[in-house]
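Have a look at the structure below, then the notes.
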Amino acid sequence: MKFNVKHTVSACFIAITVQAIIINFPPLLFVTFENELGISLAKIGTLIAISFITQLCMDFTASKLPRVFNTRAMLVAGQICSSVGLFCIALLPKIMPPYAGLVIGMVIAAFGSGIIEVLGSPTIEACPIENKSRILSVLHSFYCWGLVLTVLVSTAFFYFFGTERWELLTCIWACIPALNAIMFIKV
């Protein structure tokens, strides 16, 4: 199968959806983190701040990185970091102090999310397509669609399988950026 500009645009849409997963899925687990892992609300608040600050710092630095690395490599790195971060959120709290494991996972995922945020729109801008402003509007709407998808799928999963299987759902979510990284490699 030959990949073209439409595949690049699709990969960018998925990347923005991944960003929505990274930002909106962990808060759905905060009560579970408190009950199952014994993490206090104060530490959960700090976890939110750490994630936000990491992504904000990445937003500032990611715009300069394509001067050193090519944009495709950065987009692949953003997807890989997002995937690894989610896997870390699922696995590290079981093999090390839970809060430290969550912090590591959230920082890695936020790093990837920051890359996605900064490079998604310029990638679409660089594509030889018609109606760029319309495509960019659709791209930015994918964050909202990703938020809705994250909440609906997670809620359905928790309803049918219970919140005690949150690690499995986190690993399922982690597969999306991993597969999208492959897509960015090929486009």
- Task: Using only alpha carbon pairs under 8 Å that are at least six residues apart, calculate the relative contact order of the chain and give it in whole percent.
- Result: 40
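What size of dipole, in debye to the nearest 20, comes out for segment 37-187 about its Cα centre when the only charges are +1 on Lys and Arg C-beta atoms and -1 on Asp and Glu C-beta atoms? Write out the running numbers ahead of the final one.
Working: 9 positive and 6 negative charges, 42 e Å.
Once rounded to the nearest 20, the dipole reads 200 debye.
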- Message: Please check: in the Gaussian network model of the chain (C-alpha springs, under 10 Å), which one of Val84, Val138, Val76 has the largest mean-square fluctuation.
- Response: Val138
- Query: When only DSSP loop residues count, what trypsin sites (Lys or Arg not before Pro) in segment 101-168 have their Cβ near at most 10 other Cβ atoms within 10 Å?
  - Reply: none
- Note on the structure: Applying the span-like rule to the chain (DSSP H, Cα extent along axis at least 18 Å, Kyte-Doolittle mean at least 0.0) gives 5-28, 41-62, 71-95, 98-126, 132-161, 166-186
- Message: In the chain, if the dipole is taken from +1 on Lys/Arg beta carbons and -1 on Asp/Glu beta carbons about the Cα centre, which of Leu169, Val31, Ile116 is farthest to the positive end?
- Response: Ile116
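What number, rounded to the nearest 500 deg cm²/dmol, is the helix-based mean residue ellipticity at 222 nm of the chain, given -39500 (n - 2.57) per DSSP H run of at least four residues and division by all its residues? The partial results should precede the final answer.
Numbers: 7 runs with 159 residues, N = 187.
Rounded to the nearest 500, the figure is -30000 deg cm²/dmol.
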- Note on the structure: Taking chymotrypsin sites (Phe, Trp or Tyr not before Pro) in a DSSP loop with at most 15 other Cβ atoms within 10 angstrom as exposed, one finds the longest site-free stretch of the chain at 70-187
- Message: Using amide H atoms built in the peptide plane, which far-off residues or other-chain residues are under 5 Å from Ile39 H to H?
- Response: Glu34
- When only Cα pairs under 8 Å and 6 or more residues apart are kept, what is the percent relative contact order across segment 85-138? 27
- Enumerate the whole-percent occupancy of each 10 Å bin, from 0 to the last occupied one, for all C-alpha pair distances of the chain. 10, 37, 34, 15, 4, 0
- Item | Within-15-Å neighbourhood charge of Leu119 [Cβ basis; K, R +1; D, E -1] | 0
- Item | For the chain, accessible area per residue (1.4 Å probe, heavy atoms of protein chains only), Å² | 50
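Do any GluC sites (Glu not before Pro) in segment 114-159 lie in a loop, going by DSSP, with at most 10 other beta-carbon atoms within 10 Å of their beta carbon, and if so which?
Details: sites: Glu117, Glu125, Glu130; in loops: Glu130.
Counting only loop positions with at most 10 other Cβ atoms within 10 Å, the GluC sites (Glu not before Pro) in segment 114-159 are Glu130.
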- Under Stokes-Einstein, with the Kirkwood radius over Cα pairs standing in for Rh, what whole-number D in µm²/s applies to segment 132-179 at 20 °C and 1.002 mPa s? 176
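The values are calculated or read from the model by the stated rules, or taken from the named source; none is laboratory data. Because the structure is a prediction, the values reported are computed rather than measured. Ideal geometry is used to build each Cβ from the backbone, glycine not excepted, and the neighbour counts take in all protein chains shown. For accessibility, only protein heavy atoms count, side chains too; no ligands or nucleic acids. Shrake-Rupley method; radii C 1.70, N 1.55, O 1.52, S 1.80 Å.
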